[in-house]
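Q: One structure, pasted below without further comment.
The values are calculated or read from the model by the stated rules, or taken from the named source; none is laboratory data. None of these values were measured; they are calculated from a predicted model. Every residue, glycine as well, gets a Cβ built from its backbone with ideal geometry; the counts of neighbours run over all protein chains shown. Accessible surface areas use protein heavy atoms only, side chains included; no ligands, DNA or RNA. Shrake-Rupley method; radii C 1.70, N 1.55, O 1.52, S 1.80 Å.
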Amino acid sequence: MKILKTNRGLQNNLSKERNIKKSIGFVPTMGALHEGHMSLIHEAQKECDVVVVSIFVNPTQFNEKSDLEKYPRPIERDTAMLKEHGVDYLFLPSTSQIYPKNLAPTPKINLGQLATTMEGEHRPGHFEGVIQVVYRLLMIVSPDQLYMGQKDFQQFTIIQAMLDQVDLKVELKVCQIHRQEDGLAMSSRNARLSAAAKKKATAIYNSLIYIKNNFHKEPIEKLKSEALEIQQKSGLTPEYIDIADGHSLQSIDNKSASNYIVVCTASWLEGIRLIDNMILRS
Ligand code: AMP
């Protein structure tokens, strides 16, 4: 595995790959890697000749300074894991490589209402930061395929909206949520939970499963209130639980309103914010 820290270094290597007609798959991450990230990498390896993984903890997408500071950065462990999984290139840029002085502004993306709900509502500025960094990384890497997780449902929806509006020749591939055996969605933030909290956090998954299993029987309001209770009984503090149209990301209060429905939630435990979602109808 080649490790590159500069845009130029990475681009020189990738242009050689492109010259010999290799297709390039790209998996952007913020590190503290886990099996969820590896599942994206495996998908990329199945479909592309060369796989590039980036690790960059993007300051512009954190709306809380302390969250940015506490974000785990086990870079040696991450590097070993990527080598073990046969990744071709690890891109480890500094902030000045991603955001040099005089960088041209990110194109204006019309998100409509996509960023006004759920994560957009509770983390002001978050998606502007995500769009900024993903656009910038795509300009540097120029991959054929971009791999992202369904774990961040609103994020991939917004990135698809961006790709529909900018002139970049890249295809977004969305990979399913990788979970522990007990259902907890893998997340870099789980590393900050105590062992007891990791057990409690499975209530997030249980609350989503409750909604999925009872979706045809119960009205939306009841589904949401029961799910909130499942989380609260386990000591979680839910921030939101929303049943929404999977395209527009707007809440629905009636099941016949959409043929693509998702439940998304964010919940706090030990000062850590966890998110998860489940598709209810597609
Ligand atoms: P992050 O490092 O948290 O920014 O995540 C990098 C990519 O991995 C994003 O596209 C996430 O949606 C994806 N991802 C994170 N957790 C999981 C998971 N448990 N299963 C599948 N993909 C994931």
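Q: Could you say whether any residue in segment 223-238 is in contact with a helix residue (DSSP H, G or I) (Cβ under 6 Å, 6 or more places away or on another chain), assigned to a strand (DSSP E or B) and either closer than 27 Å to residue 67 by Cβ or of a type in the set (D, E, K, R) (or both)?
A: Checked against the condition, which is being in contact with a helix residue (DSSP H, G or I) (Cβ under 6 Å, 6 or more places away or on another chain), assigned to a strand (DSSP E or B) and either closer than 27 Å to residue 67 by Cβ or of a type in the set (D, E, K, R) (or both), segment 223-238 yields at least one hit.
Q: Same structure, new question: Looking at (1) under 19 Å from the mean Cα position of the chain (by Cα); (2) within 19 Å of residue 156 (Cα to Cα); (3) surrounded by fewer than 18 Cβ atoms within 10 Å (Cβ to Cβ); (4) not β-branched (Val, Ile, Thr), find the lone condition where residue 251 falls short.
A: Condition not satisfied by residue 251: (1).
Q: Can you say whether residue 56 is out of contact with any Pro (no Cβ under 6 Å at 6 or more places or on another chain) and within 22 Å of residue 97 (Cα to Cα), as far as the supplied structure shows?
A: no
Q: Taking residue 186 and the conditions (1) touching a Ser or Thr at 6+ places or on another chain (Cβ under 8 Å); (2) open to solvent by 20 Å² or more (accessible area, probe 1.4 Å); (3) touching a residue at least 40 places away in the same chain (Cβ under 8 Å); (4) not acidic (Asp, Glu), which numbered condition does it fall short on, given that it satisfies the others?
A: (1)
Q: Of all residues in segment 49-78, which are in a loop (DSSP other than H, G, I, E, B) and out of contact with any helix residue (DSSP H, G or I) (no Cβ under 9 Å at 6 or more places or on another chain)?
A: Within segment 49-78, 64, 73 meet the criteria.
Q: Take segment 173-201 and flag every residue that is within 19 Å of the chain's Cα centre (by Cα) and among the polar types (S, T, N, Q).
A: 176, 180, 187, 188, 190
Q: Which pairs have Cβ atoms under 6 Å, sit 6 or more apart or on different chains, and link a residue in segment 1-29 that is in contact (Cβ under 8 Å) with a residue 40 or more places away in the chain to one that is part of a loop (DSSP other than H, G, I, E, B) and open to solvent by 50 Å² or more (accessible area, probe 1.4 Å)?
A: Correct list of pairs: 23/49; 23/144; 24/144.
Q: Output the residues belonging to segment 190-226 that are at pLDDT 95 or above, under 29 Å from residue 33 (Cα atoms) and among the charged types (D, E, K, R).
A: 198, 199, 200, 212
Q: Name the single residue, out of those in segment 185-202 being more than 9 Å from the ligand (Cβ to nearest atom) and assigned to a loop (DSSP other than H, G, I, E, B), that is farthest from residue 106 (Cα to Cα).
A: Checking each candidate, the answer is 194.
Q: As an exercise: evaluate residue 74 against (1) open to solvent by 50 Å² or more (accessible area, probe 1.4 Å); (2) within 15 Å of the ligand (Cβ to nearest atom) and give the number of the one condition it does not meet.
A: Of everything listed in (1) open to solvent by 50 Å² or more (accessible area, probe 1.4 Å); (2) within 15 Å of the ligand (Cβ to nearest atom), residue 74 misses just condition (1).
Q: Would you confirm whether any residue within segment 159-166 is within 13 Å of the ligand (Cβ to nearest atom) and open to solvent by less than 60 Å² (accessible area, probe 1.4 Å)?
A: Yes.
Q: So, one more: Looking only at helices (runs of 4 or more DSSP H) that lie completely in segment 94-156, which have at least 2 residues being open to solvent by less than 20 Å² (accessible area, probe 1.4 Å) and over 24 Å from residue 169 (Cα atoms)?
A: By residue number, 118-122.
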